[in-house]
Every structure is written in structure tokens, then in C-alpha cells.
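The values are calculated or read from the model by the stated rules, or taken from the named source; none is laboratory data. What you see is a predicted model, and the numbers here were worked out from it, not measured in a lab. Don't worry about glycine lacking a Cβ; one is built from the backbone with ideal geometry, like all the others, and counts go over all protein chains shown.
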Amino acid sequence: MAATAAAEAGSCEITDEGELAAAREALQQQREWFAVTLASIGDAVITTDLQGRVSFLNPIAEAMTGWSSAQAHGEPLERIFQIINEQTGQPAENPVKTALSQDRIVELGDHTALVSRSGRELAIEDSAAPIRDARGEISGAVMVFRDVTERRQSDKALLEETRILELLNATGTAIAAQLDLQLLVQTMTDSATKLSGAAFGAFFYNVSGPDGEAYLL
């Protein structure tokens with residue numbers, strides 16, 4: 001009876017160890033699947049723990065930040081992912097910190113730029129969200145971002161073209177309606193100043209007075 005009980009206990013123990021090994025293997029497979037999935041995403045991805053320390057960068061994020069996933073692991077996100085307002089040059093708010101503290105998805109504000117490890121600036125769009133474990137508790141955060149530098153440059157070029165066309169149209173209308181030479185010249189000078197972006201513009205020309213003398217205006 002004792003031998004039978006011992007055998008049954010041993011069998012139960014082996015079964016428990018087998019289940020534990022199977023669970024560990026399943027967890028490892030899930031982690032590998034998660035890493036492969038993040039690595040294959042076309043956007044840059046960074047994950048952090050609850051304290052905002054970096055746990056993973058996919059290849060796109062590595063290329064954009066200048067940090068490898070191994071180098072960045074355990075580092076504060078602010079060191080790896082340095083963002084600024086591209087108009088003011090001031091540091092931008094950390095979206096992961098907000099996502100963790102407020103338990104919500106957070107998007108970056110407009111005109112945000114990423115400063116890479118080498119100092120290169122890239123215009124980006126970004127969103128961050130909390131990561132939850134199997135119990136539904138927050139275990140970290142994931143951030144997804146993309147390089148939109150070319151798109152913003154195209155938008156700026158389009159705005160500049162629109163501005164020039166509107167100015168040329170207004171100038172042409174003013175010229176067609178203007179018969180006074182001095183006012184006509186002033187209108188053209190003002191338009192040329194705006195087109196060039198100069199702070200000041202002037203036009204000089206010679207005129208003859210009643211006494212036949214030439215004057216520079």
C-alpha cells in the first residue's frame with residue numbers, strides 16, 4: 001500500500017512538472033511569436049515596462065533612433081526616444097508616460113520630431129498604449145511611430161505654392177487697375193519683397209524735376 005501510494009505520488013509529481021514545462025514552452029512560443037510580429041511591422045515599434053524602461057525595439061525603430069534593441073534594453077525611454085516640437089525646438093511630452101499614468105491611448109501632437117542618436121531630426125507621427133497581461137493588469141506600454149518627413153515637406157511646398165499663386169493673382173489684379181506709375185512700382189516692389197521673404201524692399205529710379213535736374217527716388 002505504501003509502495004502504491006509512493007508510486008502514485010511520484011506519478012502526480014511528474015505530471016505536475018510536465019504541465020509546468022509545457023506552460024513554459026507555450027509562454028516562450030508566445031514571446032517569440034510576439035517578437036516576430038513586432039519585428040515584421042512596417043512602422044517603428046518600441047515597448048517598455050511599467051517604469052518606462054525600454055524592453056524592445058523592432059528594426060524600423062532601431063534605424064530611426066540609432067539604437068539597437070540590445071543597446072536600448074533597460075534604458076529610460078527619454079534617452080532612446082528623444083522628441084521635440086520641430087517649430088520651437090523644445091522637448092515634447094513623453095506619450096508613454098501619459099499612456100501609463102492615464103491608462104489610455106495617446107497620440108503625439110502636431111509638429112513632433114524625433115532626434116536620433118546621431119542628431120538627425122525626423123518628423124514623426126506616433127501613438128502609445130498600455131500593454132495588459134493575462135489578468136488585465138498594465139504591465140508596460142507599446143509605442144508605434146512612423147517617419148513622415150517627406151509628407152510634411154510636401155505639405156509645406158504645397159502651402160508655399162498656394163501662397164505664391166495667391167500673391168501673384170493679387171499683384172496682377174492691382175497692376176491691371178493701377179495707372180499711377182509710383183503706386184504701380186510700389187505695388188510690384190511690395191510683391192517682390194513678399195515673394196523673396198525679405199524683411200524690407202525698396203525700388204529706386206531717376207526722375208527729372210521742373211528745373212531739368214535729375215533726382216533719385
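Within segment 61-87, being over 17 Å from VAL115 (Cβ atoms) and either under 14 Å from the mean Cα position of the chain (by Cα) or in a loop (DSSP other than H, G, I, E, B) (or both) holds for SER68, HIS73, GLY74. Can you say whether THR48 is within 20 Å of ILE138 (Cβ to Cβ), among the hydroxyl-bearing types (Ser, Thr, Tyr), buried (at least 18 other Cβ atoms within 10 Å of the Cβ) and modelled with pLDDT of 85 or more, as far as the supplied structure shows? For THR48, the condition - within 20 Å of ILE138 (Cβ to Cβ), among the hydroxyl-bearing types (Ser, Thr, Tyr), buried (at least 18 other Cβ atoms within 10 Å of the Cβ) and modelled with pLDDT of 85 or more - is met.
Based on what the data block shows, is ASP126 of a type in the set (Asp, Glu), part of a loop (DSSP other than H, G, I, E, B) and within 27 Å of ARG151 (Cβ to Cβ)? Criteria not met by ASP126. Just the residues that are farther than 18 Å from VAL54 by Cβ and among the aliphatic types (A, V, I, L, M), please, taken from segment 83-106. Result: ILE84, ILE105. Residue pairs whose Cβ atoms lie under 8 Å apart, sitting 6 or more positions apart in sequence or on different chains, and linking a residue in segment 58-79 that is in contact (Cβ under 8 Å) with a residue 60 or more places away in the chain to a partner that is among the aromatic types (Phe, Trp, Tyr), are ALA61/PHE145; MET64/PHE145. The number of residues in segment 88-113 that are acidic (Asp, Glu) and either in a strand (DSSP E or B) or modelled with pLDDT of 95 or more (or both) comes to 1.
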